[in-house]
Amino acid sequence: MRAASTARTRLEPDERREQILRCAIELFGEHPYAAVSTTEIAAAAGVTRGLLHHYFGTKRELYVEVVREMLIVPRMVVPEDVGPGLDERIDACVTWLLDMVTGHGLTFVAVAGAEGVGDDPEIEQLLLRADDIAARRLLQLLGVDEDLLDTPRVGGLGRAYGAMVKGAIREWVREGSLSRADVHQLLRRTLRTIITELVREPGPAQAPPGP
């Protein structure tokens, strides 16, 4: 379903920018990148194409903002009423992740894989940065020590989990092969294993370098 055209009412610049961005998020989730035009986004937002370009520049620059909004701007939090136990916090984090993509799941899947934009170094770097931020924040919320967060091994575990999160969400919102409950169970149990059996246990000893 296409985004409904928005009446051209007077809005503050920040509100207008947010309105355009919301429409772009919806349209990039409904259609491939190449099939979405700035004319269509402007019409959905109820603005002229010139005003859209004033706020965001080119379609590619607007898409970069959509990626940033979907993958970096959201800040994972644990509700204050969640207890200190690891299982409670894991469940809260997984619930937050799935709630975050509800409503814009197809867009999340599309931008997480940079679908349709080809080989774009800026977007690739943005995705890598988003992966690092998300992994670190998740492990922080689950009580992983700061000194461990900075190690390549723990960072790698966090990013690997993030890759699985993206795949599981794709199976849920696009393929329909998994339900939300399935994805919740998969992510919760895997995350618990990572924290209790991998992060909090030393990694395998490495052989010393050869002569």
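Within segment 72-85, restricting attention to residues that are farther than 20 Å from ILE194 by Cα and open to solvent by 30 Å² or more (accessible area, probe 1.4 Å), the residue that is farthest from the chain's Cα centre (by Cα) is ASP81. Restricting ALA24, ALA3 to residues that are modelled with pLDDT under 90 and either buried (at least 18 other Cβ atoms within 10 Å of the Cβ) or hydroxyl-bearing (Ser, Thr, Tyr) (or both) narrows the list to ALA3.
The condition of being under 23 Å from the mean Cα position of the chain (by Cα), farther than 22 Å from VAL165 by Cβ, of a type outside the set (A, V, I, L, M) and part of a helix (DSSP H, G or I) holds for only one of GLU69, GLU122, GLU88, GLU40, that being GLU122.
The residue that is farthest from ASP119 (Cα to Cα), among those in segment 27-50 that are of a type in the set (S, T, N, Q) and exposed (fewer than 14 other Cβ atoms within 10 Å of the Cβ), is THR48.
The values are calculated or read from the model by the stated rules, or taken from the named source; none is laboratory data. Remember, predicted model here, so these are calculated numbers, not experimental data. Every residue, glycine among them, receives a Cβ derived from its backbone with ideal geometry; neighbour counts consider all protein chains shown. Areas reflect the complete protein model, heavy atoms only, side chains present, ligands, DNA and RNA absent. Shrake-Rupley method; radii C 1.70, N 1.55, O 1.52, S 1.80 Å.
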